[in-house]
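Report on the following structure.
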Amino acid sequence: MRAVVQRVTSASVTVENETVGAIDAGMMVLIGVSKEDTDKDLKYIVEKVPNLRIYDDENGVMNRSILDVGGSILAVSQFTLYGDARGGRRPSYFQAAGPEMANEFYERAVAAWRSQGIHVETGRFRTEMRVSLINDGPVTILLDSEKAF
């Protein structure tokens with residue numbers, strides 16, 4: 001699994017001119033699922049994201065997590081995180097999970113974060129979404145469960 005985590009002051013997702021998810025301060029998390037992913041990969045992302053210390057403490061040091069500061073997460077499924085453009089100009093998405101598996105892992109991640117008391121908003125799976133955000137910092141972290149093991 002892959003996740004792009006951005007610290008934001010606000011973020012939103014619209015589908016067909018309807019806002020389907022919006023947060024104030026927190027994290028924008030784009031989630032990609034590989035067809036090779038297992039529960040181990042899901043667990044890595046689910047545990048890593050809310051514990052990233054990307055928020056400033058009283059000394060201005062990034063030493064606090066979203067759990068510490070009470071921020072929200074806007075989670076958006078993003079199969080293009082598995083785009084591979086090494087072979088040409090058009091990315092191949094061969095490694096991306098199919099829709100059923102991708103949605104299952106995505107929904108399980110969202111449910112896990114909600115069970116930790118985090119307010120989570122979402123995009124709408126398998127739709128054309130317009131994502132807006134104000135990156136705070138900017139702070140952007142790339143997570144890849146394949147590189148964690």
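Nothing in this text is a laboratory measurement; each read-out follows from the coordinates by a stated rule. This is a predicted model, so every value here is computed, not measured. Neighbour counts are summed over all protein chains in view; Cβ atoms, including those assigned to glycine, are modelled from backbone coordinates with ideal geometry.
A few comments on the model shown:
- Among residues of the range 121-149 being out of contact with any Ser or Thr (no Cβ under 7 Å at 6 or more places or on another chain) and among the hydroxyl-bearing types (S, T, Y), the one that is nearest to N17 (Cα to Cα) is T127.
- Scanning the range 19-33 for residues that are crowded, with 21+ Cβ neighbours inside 10 Å and polar (S, T, N, Q) turns up nothing.
- Inside the range 25-48, residues that are in contact (Cβ under 8 Å) with a residue 12 or more places away in the chain, part of a helix (DSSP H, G or I) and closer than 19 Å to T140 by Cα make up a count of 4.
- Among the criteria (1) assigned to a loop (DSSP other than H, G, I, E, B); (2) loosely packed, with under 14 Cβ neighbours inside 10 Å; (3) touching a residue at least 12 places away in the same chain (Cβ under 8 Å); (4) charged (D, E, K, R), the one E146 does not fulfil is (1).
- Matching residues, the range 99-149, being on the phi > 0 side of the Ramachandran plot and touching a helix residue (DSSP H, G or I) at 6+ places or on another chain (Cβ under 7 Å): R126
- Qualifying positions in the range 49-64 - in a loop (DSSP other than H, G, I, E, B), surrounded by fewer than 16 Cβ atoms within 10 Å (Cβ to Cβ) and touching a strand residue (DSSP E or B) at 6+ places or on another chain (Cβ under 9 Å): R53, D57
- Residues (surrounded by fewer than 20 Cβ atoms within 10 Å (Cβ to Cβ), closer than 15 Å to I45 by Cα and in contact with a Leu (Cβ under 9 Å, 6 or more places away or on another chain)) located in the range 94-117: R108, A112, Q116
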